[in-house]
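Worksheet for the structure shown next.
The values are calculated or read from the model by the stated rules, or taken from the named source; none is laboratory data. The structure presented is a predicted model; accordingly, all values stated were derived computationally and were not measured. Heads up, the Cβs are rebuilt from the backbone with ideal geometry, glycines too, and the neighbour counts pull from every protein chain shown.
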Amino acid sequence: MRISELKIKKIIRRPTRQFDALGNRIYNEFEYDLPYNPTQKESERKRLYAKVIDLIPFLLVFYFVFSKIFLISLLFSVISVLIVGTVSETVFGTTLGKKLFKLKVIDDFGHQPKIIRSALRNILSLVNFFLVFSDFEPSPNEYWAKSGTQLNFSMHLNNQITKTFIIKENQVWEIRKLLDKADLNKKLQ
C-alpha cells in the first residue's frame, strides 16, 4: 500500500433548519473517504530555512578555507548541498537543516527515499524554487490594513514528481500505522 492510496474517514456535520424540543439545532452527519495528505501545511519557509542552514557551512568553507570568490563559493556550495543532501536523505531521511526543524523525507511507501529518487528530488529542488506573488485584500472589518502583494514560496513540485513527502518527525509512526492497517484490510478482503 502507498501513502498516495491511503484514505481517511472524515465526518462532516451540516446544520439543518430544524431544532429539537430543547431548542438545539439538529445536524446531519455525512461520512467521506478523503485522500490522506501527510505533507505539513505552510512548510515552505521552514524548508527554505533548512536549505539555507544546509548551505551555510559549505559556503563558509569554500569562501574562507579555500579562498574562492563568493559566487564560485556559492556555486560549489549548492553542488555540495545537492550531493550531501542526497546521501543524507537516503541514509537518515533528513538533512541538518531539516533535522533542526524536525522534518523528514519519506517516499510513497513510508520509507527513506532510495539514492536515485533522492538525487532526482534534490536536483529538481533547484528548478522547484520559484517565488509566487499573490495579491491580497484585507477583510472588510480591517480598515487600517492595506492591500498589497504577498510573497510566497512554492516548493512542492519536486515532491510531486518524485512521489516523496516532507513530514514532521512525529508523523512517521502514524503513517506506518495507517499503512499497516491498510495492508491488513487489503489482505482480509
Practice problem: Could you please find all residues in the stretch 84-99 being among the hydrophobic types (A, V, I, L, M, F, W, C) and in contact (Cβ under 8 Å) with a residue 24 or more places away in the chain? | Solution: Val84, Val87, Leu96
Exercise. Please find, within the stretch 150-172, the residue that is modelled with the highest pLDDT out of those that are closer than 19 Å to Ala119 by Cα and part of a helix (DSSP H, G or I).
Key: Thr162
Practice problem: Can you tell me which residue within the stretch 65-107, out of those that are out of contact with any Pro (no Cβ under 8 Å at 6 or more places or on another chain) and of a type in the set (S, T, N, Q), is farthest from Val52 (Cα to Cα)? | Solution: Ser67
Quiz prompt | Index of the failed condition, Lys9 passing every other in (1) touching a Ser or Thr at 6+ places or on another chain (Cβ under 8 Å); (2) closer than 26 Å to Asn170 by Cα | solution = (1)
Quiz item: Does Lys102 satisfy being buried (at least 19 other Cβ atoms within 10 Å of the Cβ) and in contact (Cβ under 8 Å) with a residue 40 or more places away in the chain?
Solution: no
Exercise. Quickly run through the stretch 29-73 and pick out the residues that are aromatic (Phe, Trp, Tyr) and within 16 Å of Lys102 (Cβ to Cβ).
Key: Tyr49
Exercise. Search the stretch 8-29 for residues being charged (D, E, K, R) and within 21 Å of Lys177 (Cβ to Cβ), and hand back the single one that is surrounded by the most Cβ atoms within 10 Å (Cβ to Cβ).
Key: Lys10
Quiz item: Just to be sure, is Val81 out of contact with any strand residue (DSSP E or B) (no Cβ under 6 Å at 6 or more places or on another chain), modelled with pLDDT of 95 or more and buried (at least 20 other Cβ atoms within 10 Å of the Cβ)?
Solution: yes
Quiz item: When you look at Tyr32, is it surrounded by fewer than 17 Cβ atoms within 10 Å (Cβ to Cβ), modelled with pLDDT under 95, part of a helix (DSSP H, G or I) and not charged (D, E, K, R), yes or no?
Solution: no
Exercise. Out of the residues in the stretch 107-141 that are of a type in the set (A, V, I, L, M, F, W, C) and not in a helix (DSSP H, G or I), state the one that is modelled with the highest pLDDT.
Key: Phe109
Quiz prompt | Sole residue being out of contact with any Leu (no Cβ under 7 Å at 6 or more places or on another chain), within 21 Å of Arg176 (Cα to Cα) and buried (at least 17 other Cβ atoms within 10 Å of the Cβ), chosen from Glu5, Glu89 | solution = Glu89
Quiz item: Which condition number does Val81 fail, the rest of (1) closer than 30 Å to Asp180 by Cβ; (2) β-branched (Val, Ile, Thr); (3) touching a helix residue (DSSP H, G or I) at 6+ places or on another chain (Cβ under 6 Å) being met?
Solution: (1)
